[in-house]
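Read the figures in this text as sums done on the coordinates, not as results from a lab. Keep in mind that what you see is a predicted model, and the values were worked out from it rather than measured. Backbone-built Cβ (ideal geometry, glycine too); neighbour counts: all protein chains shown.
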Amino acid sequence: MKCGRCSKPAVLHITEVRQKEVQALHLCEGCAKEYLSHSQASKADAAIDSDSESEASLLEELDQKLCPNCGISFKEFRAQGRLGCPHDYVVFEDELLPLLENIHGETTHAGKIPKRSPQASQLQFQLIKLRNELRTSVEEERYEDAARIRDSIRHIEETRSKAESGRTSNDPD
Amino acid sequence: MDLESLTRTSGEWLKATGPDSDIVMSSRIRLARNLADFSFPSRADDRARAEIEELLRRQIAKNPAGRKLNYISVSSLDTIDRQMLVERQLISREHSETHGQRGVGISDEENVSVMINEEDHLRIQVLRSGFALDDCWLEIDAIDDAIEADRTYAFNDRLGYLTACPTNCGTGIRVSVLMHLPALVHTKEIQKVFQALQKINLAVRGLYGEGSQAMGDFYQISNQVTLGKSEEHLIRTIQDVVPNIVSYERRVRQALVSENRRGLHDQVSRAYGILKTARTISSEETMDLLSSVRLGINLGLIDDLEIPTINELFIHTQPAHLQKIRHEKLETMERNVARADYIRQRLSERN
């Protein structure tokens with residue numbers, strides 16, 4: 001989706017409710033900052049925008065949002081141009097879709113599909129997270145936690161390999 | 001794989017055996033893939049990187065799709081060896097310069113290279129001499145299938161293969177063709193080609209891909225979009241446009257010959273003369289002169305030299321190759337002398 005004020009991709013989507021009037025705004029980062037600072041300034045005059053403070057923190061929140069698996073923030077991604085893990089595409093979907101639309105002109109994959117079904121993707125993301133936790137707990141010498149996490153990883157891996165072998169026997173591929 | 005012996009050989013893709021190889025030096029397809037349950041390399045710590053390398057090294061050792069791949073641990077190579085692999089187009093500059101556990105599997109003919117822990121966990125590349133994208137796709141698709149049969153890739157129904165950079169997600173494919181276009185450069189007609197390619201969303205880059213300078217009149221044409229189109233569609237876009245550029249270059253070459261055959265013959269002969277006799281020569285001048293000589297051979301103006309020799313010289317006269325050939329570290333000035341020596345020797349062997 002493009003910014004309502006210029007042609008950059010919209011990163012902020014605001015639904016403004018002002019005296020029973022509802023207005024949807026889609027803004028790019030630059031225009032959003034301008035919009036938010038403007039709405040902050042007008043607050044002093046009118047004092048009717050009870051929500052403007054939380055609006056101002058929206059951008060900040062957006063930057064602060066972390067991927068629970070790899071710990072990257074959207075701000076970090078923007079600074080380095082590289083995502084942290086596959087799960088970021090889920091966590092930052094709202095922010096990434098306009099970006100992808102801008103780069104590729106489309107947002108739906110139309111190519112090759114792996115024979116292994118992606119159904120288990122949630123489990124895979126969980127595995128990334130658990131492996132990270134396992135490393136931290138070993139480093140911090142929390143061995144009981146580590147043992148518990150290791151069991152969970154093993155459990156997920158077993159479930160997954162069972163599901164996969166089940167599928168292969170039915171699947172001509 | 002013995003890195004020392006590489007300085008005496010060249011990749012199969014330089015042998016000018018493929019279709020239209022007078023103008024299309026090589027065709028290349030690469031796929032970006034990631035394992036589903038690890039962070040991307042730049043975000044993975046040393047232990048995770050080592051684990052990823054080990055998992056994928058085992059896949060490489062299984063000779064995916066029947067391709068024997070020699071594994072090289074890139075992180076344990078010194079700078080010159082890494083640079084040599086870059087010069088041979090077997091690893092990317094990013095892969096050479098980044099840090100941490102990483103490696104590459106390379107086929108004997110240097111047609112296939114599989115990088116581990118580059119920007120993505122896996123970067124599979126297939127190269128061919130000449131204009132041969134269908135062959136590249138058949139082979140890379142089979143290798144990709146073979147690896148995927150054992151490992152679960154990061155994939156999402158909507159966004160396709162998930163990559164570290166959103167510019168690669170979807171198919172993760174980069175289809176490129178390396179073209180030698182001296183006549184279009186000489187007549188500045190190349191600008192029109194650039195504009196036309198830009199309109200259909202194709203990128204034009206230099207010999208070594210992203211951010212590299214156009215050297216020796218070589219241009220790499222590749223797709224930019226990776227999401228929302230099928231691999232076949234993206235390949236076809238390039239396949240449709242390349243023959244037009246090939247015939248454009250051929251037309252302009254013929255025009256140059258019929259307008260001023262003697263002048264052109266003189267120019268390519270002088271270039272050949274300098275290469276055969278110079279005592280010190282920069283990399284840039286070498287590229288320019290080799291380009292003229294390559295054009296001269298293809299137009300029949302030089303008849304005692306073969307294209308594969310010239311193709312090989314483009315690679316072997318680069319800094320890391322020269323230093324490997326000399327078995328010593330050389331500064332720029334010393335390299336210019338070593339380069340001139342090497343070229344004189346190679347060109348006299350042929351006569």
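Tabulated results
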item	result
Formal net charge of residues neighbouring A:Glu93 (Cβ-Cβ distance under 15 Å; K, R +1; D, E -1)	-3
Computed lengthening from B:Thr187 to B:Arg47, 0.36 nm per intervening residue step minus Cα-Cα distance	45.0 nm
Surface/4 of the Cα convex hull for the range B:309-351, nm²	2.7 nm²
Förster radius 25 Å - calculated FRET efficiency between B:Asp304 and B:Asn244, Cβ distance, rounded to 0.05	0.15
Convex hull of the range B:23-162 built on C-alpha atoms - directionally averaged projected area, nm²	8.6 nm²
Cα pair distances exceeding 23 angstrom across the range B:198-340, given as percent	49 percent
Alpha carbon convex hull of the range B:103-235, volume per residue in cubic angstrom	127 Å³
Helix B:332-349 vs. chain B, principal-axis angle (Cα, 0 to 90°, nearest 10)	70 degrees
Estimated distance in nm for a label pair at B:Thr332 and A:Lys75, the labels positioned 7 Å out from Cα along Cα-to-Cβ	4.1 nm
Rg/Rg_ref, the range B:1-51, where Rg_ref = 2.2 N^0.38 Å and atoms are Cα	1.86
Around A:Glu76: net Lys/Arg minus Asp/Glu count, Cβ-Cβ under 13 Å	+2
Label-point separation, B:Arg236 to B:Ala203 (7 Å along Cα→Cβ), nm	2.4 nm
Amide N proximity, the range B:105-129 versus B:Ala61 label position 7 Å along Cα-to-Cβ, cut-off under 12 Å	none
Within the range B:289-307: backbone nitrogen closer than 14 Å to the B:Arg262 label point (7 Å, Cα to C-beta)	none
Summed side-chain charge close to B:Asp217 - residues other than B:Asp217 whose Cβ falls under 11 Å, Lys, Arg +1, Asp, Glu -1	-1
Extension gain from B:Thr9 to B:Thr98, taking 0.36 nm per residue of separation minus the Cα-Cα distance	29.3 nm
